[in-house]
Amino acid sequence: MIVAIHQPHYLPWLRYLHKIASCDVFVLLDDAQYTKNGWQNRNRIKGPNGALLLTVPLRAAAFRPIGEVEINPQTSWREKHWRSIVQSYGKARYFHQHRETFERIYAGEWGSLAALNFGLLRALTQGFGISTQVVASSDLGVPGHGTDRLVGLCRQLGASHYLTGAFAVGHHLDAESFAAAGVTLSVQDWACPAYQQQFPQLGFIPELSAIDLLFNEGPRSFEILMNRYPHPAPESVAPVPS
């Protein structure tokens, strides 16, 4: 069984969705410490002038677990983000098929960043037709830090493979700890595919929020995300060199 683990992101990008679709269980690391200037409360869409960064304003987020981070209620960020999304994708071919779902999310009251991110992720996985089981790390009761925590989560879930990004392998993962636990460490092999976008005069912009693909390509989104290949078996995910 393939397990992947990641902090919850706001309007996550395609690489994040690809990782979820490539595993059997995806763990949202909601009890990890919030990272300033990361992607937990912001992401990019394509607007008429190019890439546009949408950021959710937070209140006293430093040094707190993501699950405890509160959204600043003193701003009109929901209206601004939704207006930017409509201006960017209102003419996209499949926007109106998903408009009600996302409009309902942006009309809601969100006190918690994690709750907002969970809600958006559910909307995206459903829109893409991704059926991977998603669980929160705070519900699993696994202690530890760093690689030891990741290994513990994999053991708790009965993982045979842990799917990770290449950056983590080169910077902070301890491959020997996974090997000692009998878990094969595998690296996500993915490059952003080209697809139809709004404002073609600006050229193709990769690595945007997954809504960019969903609103533009609709029912073809999953095949494009997966480069037209089916759900990968463990042996088709590149192992980390020993």
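Just so you know, all these numbers are worked out from the coordinates, no wet-lab data involved. The shown structure was predicted, so the numbers you read here are calculated from the model rather than taken from an experiment. Every residue, glycine as well, gets a Cβ built from its backbone with ideal geometry; the counts of neighbours run over all protein chains shown.
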field: Straight-distance crosslink candidates among aspartates and glutamates, where the alpha carbon sits under 20 Å from LYS91 and sequence neighbours closer than 8 are dropped
entry: GLU79, GLU100, GLU103, ASP212, GLU217
- prompt: If you put +1 on each Lys and Arg Cβ and -1 on each Asp and Glu Cβ, how big is the dipole of the chain around its Cα centre, in Debye rounded to 20?
  reply: 820
message: Given the options GLN40, ILE211, PHE167, identify the residue whose Cα lies farthest towards the positive end of the charge dipole of the chain (+1 on Cβ of Lys, Arg; -1 on Cβ of Asp, Glu).
response: ILE211
message: Full-extension gain between PHE204 and GLU103, please, as 0.36 nm times their residue separation minus the C-alpha to C-alpha distance.
response: 33.8 nm
- prompt: In segment 2-234, if every C-alpha pair distance is counted and binned at 5 Å from zero, what percent goes to each bin?
  reply: 1, 6, 14, 18, 19, 16, 13, 8, 3, 1, 0
message: Ranking request for peptides 173-179, 156-162, 143-149: highest mean number of other beta-carbon atoms within 10 Å first, then the rest in descending order.
response: 156-162, 173-179, 143-149
task: Over every pair of different alpha-carbon atoms in segment 1-94, take the mean of 1/r and invert it; report that Kirkwood radius in Å.
output: 14.9
task: In debye, nearest 20, what is the charge dipole magnitude of segment 1-89 about its Cα centre with +1 on Lys and Arg Cβ and -1 on Asp and Glu Cβ, if you could check?
output: 460
